[in-house]
Amino acid sequence: MVPVLIAGLLAMVAAVVIGPKFIETLRARNLGQQIRAEGPAAHVVKQGTPTMGGLLIVGTAVLPFLVLSQYTAEALTVLFITLGCAAIGFTDDYLKLRQGHSLGLPGRWKMVLLGAVTVGAATLLQETQSFTTSIYVPLAGWNIDLGPFFYVFLFLVIAGTVNGANLTDGIDGLAAGTAMIMLLTFLAIAGISWLRSGTPGDRSEAYLDLATLAAALIGGTIGFLWYNAHPAEVFMGDTGSMALGGA
């Protein structure tokens with residue numbers, strides 16, 4: 001579990017250290033948040049606050065993971081989804097800034113691009129030894145084979161979690177805080193699975209890899225929260241909320 005701790009610490013320290021310069025760069029380039037006209041009046045004061053802070057989270061998390069990873073297909077699939085969703089969010093943020101309003105990327109195009117991410121993820125998943133189209137229902141003990149409908153299910157899960165995280169983002173520290181709870185849960189599941197049944201050199205190393213990725217994202221998010229807590233100096237934007245939702 002040493003790589004897990006190192007990844008989390010490196011990402012957190014990097015985010016805290018890089019944060020001020022990163023925010024200064026965003027501000028210098030006038031990359032400020034666009035507020036919806038129909039939103040709460042209290043949010044108007046946030047107009048112009050630097051956005052795209054998700055780049056800080058993702059950037060500081062990915063490098064430690066790549067250095068410490070065993071490059072298992074399972075973890076690389078999660079990383080692919082995270083980066084793919086971050087790219088969609090970045091495009092949305094960029095269009096909002098370029099157009100000067102909060103509409104950004106049309107919803108239908110987001111769904112199309114999330115579909116492309118799903119196809120890529122499904123392709124990577126098929127390369128894993130543990131791939132199955134079945135889902136297990138806890139407590140009930142059901143093992144349901146979805147067959148080709150598994151890919152529809154995968155799309156609904158990705159689209160649902162990404163948009164859920166995106167909707168949560170709106171109050172200082174809320175999206176990052178709730179994402180950390182989710183990531184801590186994944187870290188606990190992967191970490192305990194590795195400690196109970198992990199063996200170096202076999203496919204169970206995926207547990208360690210997934211725990212390392214979760215820890216790196218937690219570290220990056222903690223570092224980001226230092227600057228996102230009220231009153232926020234930077235917002236994660238769709239770049240961050242969609243990336244964390246994808247993770």
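Rule-based calculations on the coordinates, nothing more; no lab input. Only a predicted model underlies this, so the values are computations on that prediction, with no experimental measurement involved. All Cβ positions, glycine included, derive from the backbone under ideal geometry; neighbour counts span all protein chains shown.
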Theoretical FRET efficiency, 1/(1+(r/R0)^6), r = Cβ-Cβ of Arg196 and Phe153, R0 22 Å, to 0.05
0.20
Which helices, counted as full DSSP H runs in the chain, have an axial Cα extent of no less than 20 Å and a Kyte-Doolittle average of 1.0 or above?
2-28, 54-68, 107-125, 149-168, 174-197
Over the chain, relative contact order from alpha-carbon pairs under 8 Å, at least 6 apart, %:
40
Can you tell me the order of 83-93, 158-168 when each peptide is scored by its average per-residue count of other Cβ atoms within 10 angstrom, highest first?
83-93, 158-168
Given a Förster distance of 35 angstrom, what is the FRET efficiency for Thr123 paired with Lys21, based on the Cβ-Cβ distance and rounded to 0.05?
0.40
Surface/4 of the Cα convex hull for region 149-247, nm²:
7.1
Can you tell me the order of 231-241, 132-142 when each peptide is scored by its average per-residue count of other Cβ atoms within 10 angstrom, highest first?
231-241, 132-142
In nm, give the distance between the simple-model label positions of Ile181 and Ala28, each being 7 Å from the Cα along the Cα-to-Cβ direction.
3.9
Using only helices, what value at 222 nm comes out for the chain when you add -39,500 (n - 2.57) per DSSP H run of length 4 or more and divide by the total residues, to the nearest 500 deg cm²/dmol?
-23500 deg cm²/dmol
Protection proxy ranking of 66-77, 215-226, 103-114 - average other beta-carbon atoms within 10 Å, highest first
215-226, 66-77, 103-114
Computed label-point distance, nm, for sites His230 and Ile189 using a 7 Å Cα→Cβ extension
3.1
How high is the relative contact order of region 40-186? Use alpha-carbon pairs under 8 Å, at least six apart in sequence, and give a whole percent.
17
Computed FRET efficiency, Cβ-Cβ of Val67 and Leu167, R0 51 Å: what is it to the nearest 0.05?
0.95
